[in-house]
Amino acid sequence: MGIVVTGGAGFIGSALVHQLIEDDRYSVILIDKLTYAANQDLVDYVRGNAQCSFHQLDICDVSGLKAVFEKHRPTGVLHLAAESHVDRSIEGPADFVQTNAVGTSNLLDVSLRYWQELKNDSRSRFRFLHVSTDEVYGSLGPQGFFTEGSPYRPNSPYAASKAASDHFVRAWHTTYGLPTIVTNCANNYGPYQFPEKLIPLIIVKALRGDPIPLYGEGDYVRDWIHVDDHSRALRHVYKEGVAGETYLIGGRSERTNLEVARQVCGILDEMCPQSPHIPHAQLIAFVDDRPGHDRRYAIDCRKVEQELKWSPVESFETGLAKTVRWYLDHPDWWEGIFASRYRGERLGLDTSAATVSAP
C-alpha cells in the first residue's frame, strides 16, 4: 500500500515513516518542505530506501501535489505537515495560517479529486488521516479532560490554525464524502525533537550548564506521549478507524512543566555523574510568561483504547529515560542545530506580528 505522508521529515512524521518502512506491506510517498525543524537524517535514510520516495514539496503547491498523486497513485494520506511551535506562531502567525489552514485545504482538494476518480476497492480503501493537537480545545481547569466532544476554544495562533484545518477536514467529509479521520494528540517527546520544544530544551540547556527557562512558576500542566507510541496509534487509527470520526490520543501522563524539568534533571544526575552541573535542577529559572498561555491539557483517550484496542507502550518514566539517553548519545545532532539554526533563545516575545495576514 502506497501512503502519502506529508511532513514526513518532521519530528512525529519521521518516527512514523520509520515504522511504516519497517512493515513491508507499505511503501511511503514522503512529502516535506524541509523547514528549519526537518530531520535531515531521516531524509538521507529514505533516499536510499526502495520502500520510500521523497519529494521536497510545500503542501501549498497544488500543481506539485497533483503530480505526486498522479505519479504514485496512493491508497491513502497521513497528513502531518504543519508549523507547530506556539512561540513562533506568536511572532509570525501568517506562516501558520498559510501552511496549516491553506495548505490543508489544498491537500484536501487534491485528495478529493483523486479519490473521486478511483474505482471499486481502491475507492473504498482510501483514507485521509489528519493529525492534529489537543491545543485546539483551549485550556482546562484543575479537573476534567478533553474528549472528542469538547468545544473548540483555541487561544494561540498555532492552535487557531490547527482548529481551522480540523474543520476543513470535517467539512470535506460531510460535504463531499471524502473518507477523513481526525486525531488530536497530547504533547509528544522523544528522539530528534527540535530543541525549541520543552523536553529537548531542558536536556540541552542542562548539558550546557545554561539556565533552564520555565514560563511563569512552572505550574502549567501537559499530558505527554512518547512519539513512538503516537506513531503506533496513528498507524492503528489509519487501519481500523471509522471515516468521519475523531480520536484523541494521549499517554495518561499529566505533569507540570516544573515536574518534567525536575525529572529530566534527576535522570541527568544519574546518567552524567561527572557533570560539573550536578544537581542539574539548580539550573531551573522562571521567566516571564508568554501571552495566551493555556493552563492545562489532559486527554480522555478511552475511545481509541476501547473501540480500536490501542494503548501506549511507554510510561512517562521509561520513555523519558530513553529520550534523555538518546540526546546524551547524539550530541553532534543537537550541537549542530545550536551552531547553525537555533541557540535556545527565547521566542514568542514579539506580539506586533499578530495583525499580519497570510498572503
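FYI, it's all coordinate maths here, none of it is from the lab. Note that the structure is predicted; figures quoted are calculated from it, not measured. Here Cβ is always computed from backbone atoms with ideal geometry, including for glycine, and neighbour counts include all displayed protein chains.
Report the label-to-label distance for T256 and Y45 in nanometres (one decimal), using points 7 Å from each Cα along the Cα→Cβ vector. Between T256 and Y45, the label points sit 3.7 nm apart.
Quick check on my link table: of K71/K162; K205/K322; K66/K309; K33/K239; K197/K322; K162/K205, which ones sit more than 24 Å apart, alpha carbon to alpha carbon?
On the way: K71/K162 29 Å; K205/K322 18 Å; K66/K309 35 Å; K33/K239 26 Å; K197/K322 17 Å; K162/K205 29 Å.
Over 24 Å apart, Cα to Cα: K71/K162; K66/K309; K33/K239; K162/K205.
Placing a label point 7 Å from the Cα of K66 along the Cα-to-Cβ direction, the residues of the stretch 118-140 whose backbone N falls under 18 Å of that point are 118.
For the stretch 63-107, what does the alpha-carbon gyration tensor say about shape, rounded, prolate or oblate, given a ≥ b ≥ c as the root eigenvalues, a/c under 1.5 as rounded, and a/b over b/c as prolate? Could you put the intermediate results ahead of the total?
Working: a/c = 3.91, a/b = 2.51, b/c = 1.56.
Prolate shape, in that a/c is at least 1.5 and a/b is the bigger ratio.
Share of antiparallel DSSP beta bridges in the chain, in percent to the nearest 5?
Working: 3 of 40 bridges.
Roughly 10 percent of the DSSP beta bridges within the chain come out antiparallel.
What number does the stretch 214-359 give for Rg over Rh if you use C-alpha atoms and the Kirkwood radius?
On the Cα set of the stretch 214-359, Rg over Rh gives 1.02.
A DSSP coil position with no more than 12 other Cβ atoms inside 10 Å describes the following trypsin sites (Lys or Arg not before Pro) in the stretch 99-200: K119.
Can you pull the Rg over Rh of the stretch 43-197, Cα-only, Kirkwood?
Values: Rg = 16.7 Å, Rh = 17.0 Å.
Here Rg/Rh amounts to 0.99.
Take the Cβ atoms of R125 and E270, set R0 to 41 Å, and the FRET efficiency comes out at 0.25. With a simple spin-label model that places each label point 7 Å from the Cα along the Cα-to-Cβ direction, the separation between R343 and F286 comes to 2.8 nm. Compute the label zone of R170 within the stretch 93-125: residues whose backbone N is under 18 Å from the point 7 Å along Cα-to-Cβ. 101-102, 104-105, 108, by backbone N distance to the label point. Counting each pair of different Cα atoms once, what's the Kirkwood radius of the stretch 176-286 in Å, rounded to one decimal? Roughly 15.8 Å, rounded to one decimal. Of all segments of the chain bounded by GluC sites (Glu not before Pro) found in a DSSP loop with no more than 13 other C-beta atoms within 10 Å, the longest spans 218-344. Think of the chain as having a plus end and a minus end, set by charges on the Cβ of Lys, Arg, Asp and Glu; of A159, S132, P213, S132 sits farthest toward the positive end of this dipole.
Look at the alpha carbon pairs under 8 Å that are at least 6 residues apart: their mean separation over the length of the chain gives a relative contact order of 19 percent.
Here the calculated FRET efficiency for R153 and A243, from their Cβ-Cβ distance with R0 = 22 Å, stands at 0.25, rounded to the nearest 0.05.
Given the stretch 239-309, report the % of alpha carbon pairs whose separation exceeds 15 Å.
Here the long-distance tail beyond 15 Å is 69 percent of all Cα pairs in the stretch 239-309.
Using only side-chain charges placed at the Cβ, +1 for Lys and Arg and -1 for Asp and Glu, the dipole size of the chain relative to its Cα centre rounds to 860 debye. Tell me whether the chain comes out rounded, prolate or oblate; compute the Cα gyration tensor, take square roots of the eigenvalues as a ≥ b ≥ c, and use a/c under 1.5 as the rounded threshold. In terms of gyration-tensor shape, prolate. Relative intensity of the stretch 293-348 on a log10 scale, I(q)/I(0) at q = 0.21, 0.23, 0.28 Å⁻¹, equals -0.93, -0.95, -1.05, per a Debye sum over C-alpha point scatterers of equal strength in the absence of solvent. Stokes-Einstein diffusion for the stretch 23-118 at 10 °C, viscosity 1.306 mPa s, with a Kirkwood radius from C-alpha pairs, works out to 109 µm²/s.
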